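Working notes, beginning with the structure itself.
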Amino acid sequence: MLEDKLLVLKCRHGSKDAVCRIYEKYKDYLLTLAKGFLGEQSEAEDIVHDVFVAFARSARQFRLTGSLKGYLATCVSNLARDRIRARMRQAEALDSTSPFVAGSSNPEQHAAEAEELTRLRQALRQTPYEQREAVLLHIRGGMRFREIAKLQGVSISTVHGRYRYGLDKLRSLLNSEVKK
Amino acid sequence: MRPAENIKHLIQNLSDKTSVQMDQRVRQDMLQALAESEKTPALMRLKIRRTVIKSPIAKLAAAAMIAIAIALPLAILNYTTAPAWAIEQTIEAIEGFHAIYCSGVTVDENGNEFEFEYWARPRKDGTASGDLRMEAKGGQVIVVNERQSITYKYDPGKNIVSVESGITFYSSPWINGEYFRTMKEDCTEWHEEYRKDELTGRDCVFVKASDRDPGNNWSYIFQFDLETKLPIRMKVWNNSDFKGKPYVTANKVVYNSVLPEGIFDFMIPEGVQIIKQ
């Protein structure tokens, strides 16, 4: 927290080094979240790119009120949601069945990843977006339900529900995978 | 049935790494965006200030605030003695110091404690260490040379020297005046206790502070020498309650110590395996 505050302070004074250090510190974390939300490597990279560029653009006026990590995760989540909506509109236009089930990741990467994690990614893609977001932001993003509720614009109990249903959905998807 | 805990564990293990191409693209675009933002004038702040001054009520309020601001310290001075120490004195004393030595105990990524010695200088912008040397009691050495932009990591147990391009090991944030200023502003708890140093008998102030933030909590005990106002020892915990063993215990902190010649140069020992990264 203290380190982040100092880095933000440096950014406000135009420090290139501080901006790059924030990128170094959170790039993998944000990419993991973005890929978890979208399932697509290139789209996730684009989102992380846009978040950091927007941050750099506003760095001189930026005032940190909470945690920088939480702020950046929220930005990623908002952009990911916009992309999902755009995808859904596109899918409707093309009369597609589901925007989430997309065998899109590249096969080489799949081979390199642990089999379980690959199955988890596939299961995540089949989980409704709000549930997936609640699960990922809470477990991987370390965000509290209160913060997720604020981000999603719903009550804390709704987030609890989405989180629980999300975990149940993942569990059933992964178990059915195992039975096969 | 796969328990939920397993799934949570799996999700926690999700990890994606950015590619070199992506890093280059983002860094380039970020720096360009930062440079462009410099050209935008800060008119907003000016406008607000003018609005305030134009308002008669605001003028009256401002005058009242100034009167209170002058009167309050005078009243306090009449009834209390001057404090023996204030963080501002340390902030002032620490400015202009450009090297640090410390020794103590810390923990590695596996939670094992090890003794260390540490010499460092800050980077130009003061955000983190630049030149650095850290020696562990077990013989491991890390040397960062900022000018050469190179990091050496020597593990005598494995007889390996890892030579890495760039600064891949650093201390952040750099403990300077700004660090203490931010720490004072951010810490939710702040207690000062005056007593003598157990080893030297010198008058000291012990500052116990903690910084609460979801997922990123720290607590600290800093010991400042009352004569020099500089920190001489510190303990840092990576929780906000001073629980368990400290993450770092620096038994000796010396600001602006005379650094040994060539301390940030590393001579690769003969016969070691060199891994270039």
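The values are calculated or read from the model by the stated rules, or taken from the named source; none is laboratory data. Bear in mind the structure is a predicted one, so any value in this text is a computation, not a measurement. All Cβ positions, glycine included, derive from the backbone under ideal geometry; neighbour counts span all protein chains shown. Note: areas computed on protein heavy atoms with side chains; ligands, DNA, RNA excluded. Shrake-Rupley method; radii C 1.70, N 1.55, O 1.52, S 1.80 Å.
Once all protein chains are placed together, B:S171 keeps about 30 Å² accessible to a 1.4 angstrom probe. Other residues with beta-carbon under 12 Å from the beta-carbon of B:R123 carry, at +1 per Lys or Arg and -1 per Asp or Glu, a net charge of +2. Heavy-atom accessible area with a 1.4 Å probe sorts B:Y194, A:Y29, A:Y23, largest first, into B:Y194, A:Y29, A:Y23. Solvent-accessible area of B:D241, all protein chains in place: 70 Å² (probe radius 1.4 Å, heavy atoms, ligands and nucleic acids excluded). Measuring only protein heavy atoms, the 1.4 Å probe finds A:H138 accessible over about 50 Å².
The count of lysine pairs in segment B:217-277 whose Cα atoms are under 19 Å apart, excluding pairs fewer than 8 places apart on the same chain, comes to 4.
The stretch between B:Q32 and B:V107 holds 23.1 nm of extra length on full extension. This uses 0.36 nm per residue minus the Cα-Cα distance. Here each label is just a point 7 Å from Cα along the line to Cβ, and for B:E270 and A:R60 those points are 5.8 nm apart.
Scalar couplings 3J(HN,Hα) for segment A:27-37, obtained by applying the Karplus form with A = 6.51, B = -1.76, C = 1.60 to θ = phi - 60°, are 4, 5, 4, 6, 5, 4, 5, 4, 5, x, 5 Hz; x denotes Gly and Pro. For segment B:136-184, a/c is not less than 1.5, where a ≥ b ≥ c are the root eigenvalues of the C-alpha gyration tensor, and a/b does not top b/c. That puts it in the oblate class.
Kirkwood's formula applied to the C-alpha pairs of segment B:217-277 gives a hydrodynamic radius of 15.0 angstrom. From most to least packed by mean Cβ count within 10 Å, the peptides A:64-77, B:15-28 give A:64-77, B:15-28. Computed from the alpha carbon atoms alone, the convex hull of segment B:99-199 holds 147 Å³ per residue. Count Lys and Arg as plus one, Asp and Glu as minus one, and take only other residues whose Cβ is under 13 Å from that of B:Y179; the net charge is then -3. Model label points for B:S19 and B:D197, set 7 angstrom from Cα along the Cα-to-Cβ axis, are 5.5 nm apart. Using only alpha carbon pairs under 8 Å that are at least six residues apart, calculate the relative contact order of segment B:92-182 and give it in whole percent. Result for segment B:92-182 is 20 percent.
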